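The values are calculated or read from the model by the stated rules, or taken from the named source; none is laboratory data. Every value quoted in this text rests on a predicted model; they were computed, and no experiment measured them. To get the accessible areas, we keep the full protein, side chains included, count just its heavy atoms, and leave off ligands, DNA and RNA. Shrake-Rupley method; radii C 1.70, N 1.55, O 1.52, S 1.80 Å.
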Amino acid sequence: MSDEQVSTATNPKVLVVYYSFTQQNRKVADVVADRLRERGCKVTTAAIEFTDKRYIERFAVFPLKHRIFDIVRMLPAQLRRATGEIRIPEEAQRGGYDLVCVGSATWWLTTCMPIRSFLKADSTKALLSSTPFGAYVVCRRYWKSNLKSVRRMGAKQGGVWVDGIHFKALGGQIRSLLSLISYLGTGENRSHYLGVPIPKPNLTDDYADKSKAFADQLADRAGATKAA
Ligand SMILES: Cc1cc2nc3c(=O)[nH]c(=O)nc-3n(C[C@H](O)[C@H](O)[C@H](O)COP(=O)(O)O)c2cc1C
């Protein structure tokens, strides 16, 4: 085996690409990327930007100005599985990676518009063609349909599915929803919303451990050196 082959096998090139409005996907991406680097991978991270003129005003600022209205206004487009304008960093528009990891948030039960748009973009064919890819979903509760769609869209662009993971927030149906609405409108972890006690929103405390374990699976699949 030549030196070049050895280096490719032990220092795989990995891309972690995600969209994040409230920075939960970014937090997972950072832990996954750091762990992959510890495993000797050459990691590039790329954040998709949501630039669509119809929605940009709403999603340019966090917390949301009109939380319920802003969330509900995404419903028709999400139900239609619509795509919109995004900016894809140049590093996520070309191939050459040994593995790609996609981070997707759930919006209205399915893949958020920015990631759907990315997965359907022409340039994603070059990125994913015959390339192993995995995905993680960050959501309040609903991850299955999102992960399934990411897997299906990625495979349609030539990607070879590896594995997926999901992160969901604390609380049951009602309280987790109140907690999310409270957070989207304030950007703070409050103890009550409309007088009702609510759990902490977003990622749970074990997210870093789960992210590292997932990164290890990806690193193994990409042929990285074994963990120390
Ligand atoms: C417009 C909108 C719609 C959402 N719809 C859902 C949903 O249907 N199911 C769910 O579990 N979470 C839903 N969420 C919650 C997000 O998945 C959650 O806030 C996640 O942390 C977003 O990732 P981010 O922080 O990286 O942007 C929604 C959030 C937004 C902003």
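Of note:
- When the residues Ser211, Ser123 are ordered by accessible surface, computed with a 1.4 Å probe over the protein chains alone, the sequence from largest down reads Ser123, Ser211.
- Relative contact order (percent, whole number), the chain, Cα cutoff 8 Å, 6+ residue spacing: 23 percent
- Arg37 - accessible surface, heavy atoms, 1.4 Å probe, Å² rounded to 10: 110 Å²
- With all protein chains modelled, accessible area of Tyr207 [1.4 Å, Å²]: 50 Å²
- Region 79-228, Cα convex hull volume normalised per residue, Å³: 130 Å³
- When the pairs Lys168/Lys200; Lys168/Lys210; Lys42/Lys156; Lys13/Lys226; Lys27/Lys212; Lys125/Lys156 are compared against a 18 Å limit on Cα-Cα distance, Lys42/Lys156 fall above it.
- Inter-centroid distance (Cα atoms) of region 62-115 relative to region 128-204, Å: 12 Å
- Amide H contacts under 5 Å for Phe133: Val100, Val160, Trp161, Val162, restricted to partners 5 or more places along the chain or on a different chain, H placed in the peptide plane at 1.01 Å from N.
- When you restrict to C-alpha pairs under 8 Å that are six or more residues apart and normalise by the size of region 129-228, the relative contact order lands at 26 percent.
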